[in-house]
Structure formats: structure tokens, C-alpha cells
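**Student:** After the C-alpha cells below, expect a handful of questions from me.
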Amino acid sequence: MIEHNIIDNIYSVLETEIKYLILKPGAILSENNLCARFDVSRTPIRSVLQKLETHGLVTITSRKNTIVTLLNFDEITQTIYQRIAVESMVIRDFIYQCNTLDVEKIKYYLNMQIDLKNELISTKNPVLKPDNDIVKAFYDCDFKTHLVWFESTRKLFLWEQIQNTNASYNRFKYLDMLAEGNYDEIISEHTAILNAIENKDVHSIESLVQAHLNGGIRRLGEQIFTTYKHYFL
């Protein structure tokens, strides 16, 4: 039981660091360094690395070295395509069955994003490093906003399936927020979806979801193939 707890704790730390690009795509993870860092033997470290590989976050290249997986642009675009189809239907269902509390949850996370954006702007010389707590909180609010309509429509199995295959897309989203800092645009996209929900405008949902989920590709643009090309396959 103790070893399982150790494995879970180390996995959680490394998963978080990969998710928030603290461990960048292509970074090499040395077994020796991980053993020294977490003060454990090779056995739990190897279990952690195998679990990370199962979730598509690392590739084990040898007994001693492991590489954080590069972002797969083709996988990202296909994930967006899948999410547009699925999420548009989920939000339409949400519109027909949501209650006041559900809508207030969306407003709550939207207001949190606005507050976080203002906090970042008011910070003198903000350092947009991967571990910036404000950027991480903004990203988490985005995640929780989308979760609302999946929870309300009892589509959590679909949500979990999407998350389990999003090793590239979730990190791509964070790269978008970190690199571009175009929080007003993201907030505007969420606001448009909220307005459509409140007005029960089911016909505009797909185009709004499409614009929102493709936002990262639009904002990063050619930087995907220049500035950040070393992050991608």
C-alpha cells in the first residue's frame, strides 16, 4: 500500500509538470535523476514511467532514459474535430435541460477568468513561465467550464474518454494560453457560448464551439511551425 501511494504521488507530480509544460515536450527524464529527486529506488520510478507512457505523456526509449512525448499536430486537429462534433451535441442537450444553477456555474467560471485576466494585467512585469499560477488557474477555469455541460447532461463517460486521448491537445491549449496570452479572446468565446445557452440558440452552437476549439491554432498560427516547432513531431 505504501509503495502504491509513492507511485501515485510521483505520478501526480510528473503528470502536472508535463500538463503545464514545466517538463517540455522532448525533455529527457533520467531514471537516475528521478530516483535522486524523489529519494526512491528504480522500481517505483519505472512503474510511474510506465503509467505515464500508458497515458501518452512519455515514451520510454531505454532502461535509463524516457522522453516527454512531442505534440502531435495531426492528433490535435483530429481531437478538435471530434470535440466539435461531440461537444456541440452535448451543449444542445444542455440547453434543453439545464437549470439556473448550471448556468450560474458557467457564469462563475467566466467571472473567475475575467478576474484572473485582470490580475495578470495588473501584475507588474508578469513572468509568463509555465508554472505561473495565474495562467494555470485560467486554464483550469476553462477546463471546468466545459465540464459543466458534460456533468449536467450525464455525459461524463464521454468527457473521460476525451481527456484520456488528449495528451497532445491539452498541452497545446496550455501553450496557447501561455504563449499568446490572448485571454480576452478566450473570454469572448466563452461569453458567446453562454449567451447562446441563455437564449436557447441551438442553431449557433456548432459554429461557436468550432471557433472556440480552433482558437489555439488560429492564435498560434505560424509559430507552430517556427517558434515552437521543436515541441511538435
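The values are calculated or read from the model by the stated rules, or taken from the named source; none is laboratory data. Computed from a predicted model, the values in this text were never measured in an experiment. In this analysis, Cβ positions are derived from the backbone assuming ideal geometry, glycine residues included, and neighbour counts consider all displayed protein chains.
**Student:** With at pLDDT 95 or above and assigned by TED's automatic domain parsing to the domain that holds THR77 as the only criterion, which of THR123, THR153 stands out?
**Tutor:** Values: THR123 fails: at pLDDT 95 or above.
THR153 is the lone residue from the list that is at pLDDT 95 or above and assigned by TED's automatic domain parsing to the domain that holds THR77.
**Student:** Criterion first (on the phi < 0 side of the Ramachandran plot and surrounded by fewer than 19 Cβ atoms within 10 Å (Cβ to Cβ)) does LEU175 satisfy it?
**Tutor:** Answer is no for this residue.
**Student:** Among the listed residues LYS136, LYS107, which satisfies the condition of being farther than 26 Å from THR165 by Cβ and assigned by TED's automatic domain parsing to the domain that holds ASN195?
**Tutor:** Values: LYS136 fails: farther than 26 Å from THR165 by Cβ.
Unique residue meeting the criteria: LYS107.
**Student:** So, one more: Out of curiosity, is GLU15 assigned to a helix (DSSP H, G or I), of a type in the set (Asp, Glu) and in contact with a helix residue (DSSP H, G or I) (Cβ under 9 Å, 6 or more places away or on another chain)? Lay out the reasoning, then the answer.
**Tutor:** On the way: assigned to a helix (DSSP H, G or I): yes; of a type in the set (Asp, Glu): yes; in contact with a helix residue (DSSP H, G or I) (Cβ under 9 Å, 6 or more places away or on another chain): yes.
Here the answer is yes, as GLU15 does meet what is asked.
**Student:** Something else: Select from the stretch 78-98 the residues that are surrounded by 15 or more Cβ atoms within 10 Å (Cβ to Cβ) and of a type in the set (S, T, N, Q) and list them in ascending order.
**Tutor:** Across the stretch 78-98, the qualifying residues are THR79, GLN82, SER88.
**Student:** Of all residues in the stretch 39-58, how many are free of Cβ contacts under 8 Å to residues at least 40 places away in the same chain and crowded, with 16+ Cβ neighbours inside 10 Å?
**Tutor:** Here the count works out to 4.
**Student:** Between residues in the stretch 189-206 that are loosely packed, with under 14 Cβ neighbours inside 10 Å and residues that are in a helix (DSSP H, G or I), which pairs lie under 6 Å by C-beta distance while being six or more apart or on different chains?
**Tutor:** LYS200/ILE95; SER204/ALA196
**Student:** Condition first: within 16 Å of the chain's Cα centre (by Cα) and part of a loop (DSSP other than H, G, I, E, B). Now tell me which residues in the stretch 198-231 satisfy that.
**Tutor:** Scanning the stretch 198-231 gives a single hit, ASN214.
**Student:** On to the next question. What is the residue count in the stretch 28-38 for residues that are more than 14 Å from SER62 (Cα to Cα) and either surrounded by 15 or more Cβ atoms within 10 Å (Cβ to Cβ) or assigned by TED's automatic domain parsing to the domain that holds LEU178 (or both)? Talk me through it step by step, then tell me what you get.
**Tutor:** Our first condition is that a residue be more than 14 Å from SER62 (Cα to Cα); within the stretch 28-38, this holds for 33-38.
Now narrow it down to the ones that are either surrounded by 15 or more Cβ atoms within 10 Å (Cβ to Cβ) or assigned by TED's automatic domain parsing to the domain that holds LEU178 (or both): 34-35, 38.
Residues that pass the stated criteria total 3.
**Student:** Report the residue count in the stretch 59-88 for those that are without any contact (Cβ under 8 Å) to a residue 40 or more places away in the chain, of a type in the set (S, T, N, Q) and not in a strand (DSSP E or B).
**Tutor:** Matching residues across the stretch 59-88 total 3.
Listed here are the residues, each with its yes/no results for (1) of a type in the set (Ser, Thr, Tyr); (2) farther than 18 Å from ILE186 by Cα; (3) under 20 Å from the mean Cα position of the chain (by Cα).
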{"position": "THR100", "(1), (2), (3)": "yes, yes, no"}
{"position": "GLU104", "(1), (2), (3)": "no, yes, no"}
{"position": "TYR109", "(1), (2), (3)": "yes, no, yes"}
{"position": "LYS136", "(1), (2), (3)": "no, no, yes"}
{"position": "TYR139", "(1), (2), (3)": "yes, no, yes"}
{"position": "VAL148", "(1), (2), (3)": "no, no, yes"}
{"position": "THR153", "(1), (2), (3)": "yes, yes, no"}
{"position": "GLN163", "(1), (2), (3)": "no, yes, yes"}
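**Student:** Filter the stretch 140-189 down to residues that are touching a Phe, Trp or Tyr at 6+ places or on another chain (Cβ under 9 Å) and among the β-branched types (Val, Ile, Thr) and give me whichever is farthest from VAL202 (Cα to Cα).
**Tutor:** ILE162
**Student:** Here's a follow-up. Just to check your reading of the model, which residue among PHE150, PHE172 is under 23 Å from GLY26 (Cβ atoms), of a type in the set (A, V, I, L, M, F, W, C) and in contact (Cβ under 8 Å) with a residue 60 or more places away in the chain?
**Tutor:** On the way: PHE150 fails: under 23 Å from GLY26 (Cβ atoms).
After applying the criteria, what remains is PHE172.
**Student:** May I pose another question? Return the total of residues in the stretch 26-48 being in a loop (DSSP other than H, G, I, E, B), farther than 14 Å from TYR11 by Cα and either touching a helix residue (DSSP H, G or I) at 6+ places or on another chain (Cβ under 8 Å) or among the polar types (S, T, N, Q) (or both).
**Tutor:** Residues that pass the stated criteria total 2.
**Student:** I need a count of the residues in the stretch 66-106 that are touching a helix residue (DSSP H, G or I) at 6+ places or on another chain (Cβ under 7 Å) and of a type in the set (D, E, K, R).
**Tutor:** Qualifying residue count, the stretch 66-106: 5.
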